[in-house]
1. So what is the relative contact order of the chain, in percent, for Cα pairs below 8 Å that sit 6 or more residues apart?
2. Given the C-alpha centroids of the stretch 1-60 and the stretch 97-166, what is the distance between them in whole angstrom?
3. Report in % the part of the accessible area of the stretch 36-172 that belongs to carbon and sulfur, leaving out ligands and nucleic acids; probe 1.4 Å.
4. At 222 nm, what value in deg cm²/dmol follows for the chain if DSSP H runs of at least 4 each add -39500 (n - 2.57) and the sum is divided by all its residues, to the nearest 500?
5. So for the chain, taking the charge dipole from beta-carbon charges (+1 Lys/Arg, -1 Asp/Glu), which of Phe105, Asn79, Ser10 sits furthest toward the positive end?
6. More than 23 angstrom separation, counting every C-alpha pair in the chain; what % is that?
7. Can you work out D for the stretch 1-94 in µm² s⁻¹ from Stokes-Einstein, where Rh is the Kirkwood radius over C-alpha pairs, the temperature is 20 °C and the viscosity is 1.002 mPa s?
8. In the stretch 94-129, which residues have a backbone nitrogen under 19 Å from the label point lying 7 Å from Leu37's Cα in the Cα-to-Cβ direction?
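The values are calculated or read from the model by the stated rules, or taken from the named source; none is laboratory data. In this text, all values refer to a predicted model and were calculated from it rather than measured experimentally. Here the Cβ positions follow ideal geometry from the backbone for every residue, glycine too, while neighbour counts run over all protein chains shown. Just so you know, the surface numbers come from the protein's heavy atoms only, side chains and all, with ligands and any DNA or RNA stripped out. Shrake-Rupley method; radii C 1.70, N 1.55, O 1.52, S 1.80 Å.
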Amino acid sequence: YFTGKVFDKSVKLNTAMKVLLLCYIGNFVGAVLSALLFVYSGTFTEAVSTFGVHLVEAKLAKAPYIVLLQGIIANLVVNIAVILALNLKDDIAKIAAILFMVFTFAFFGSEHVIANFASFSVVGFATGFHGMHAVDIITNFIFSTIGNVIGGGILIGISYVWLNNGDYKYKD
């Protein structure tokens, strides 16, 4: 949304960046607090732990360029889910569309920084961050963030700016 609003000058770039930074920080804090609740409530069982640990190990072992490319894919898919939900009338159809699209990016292990905030925090609290290195976590966060910005903010955002440039407002 901010891509279009910055492009048509109804929102200043620095305002958009401030809001995005606050959302980023808020999502990080929320993910950490949710992870604490999830782990210390006993919800994080042995079966979930095994899967989660392997998932996080695989994510942290990826080369930065892979994280970047998968970050682009993840945010393309997430943004398509939002667009689908906005254009559907029925609430059940909206939920089904979002669940299907989010499942798609999660199933393939794509890199979405907000999802990684949560998964890394859950596994970290459950294992005492055993085998998780700060450099790998920060590298993943940086490259998945850049990929997410490219996928959603640039590829989807600029596409919609271009499609809606002029008198006719494009809508699927």
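1. Relative CO of the chain lands at 37 percent.
2. Cα centres, the stretch 1-60 to the stretch 97-166: 8 Å.
3. Carbon and sulfur together cover 74 percent of it.
4. That comes out to -24500 deg cm²/dmol.
5. The listed residue farthest towards the positive side: Ser10.
6. That fraction is 47 percent.
7. Rounded, D is 127 µm²/s.
8. Residues passing the 19 Å test: 114-126.
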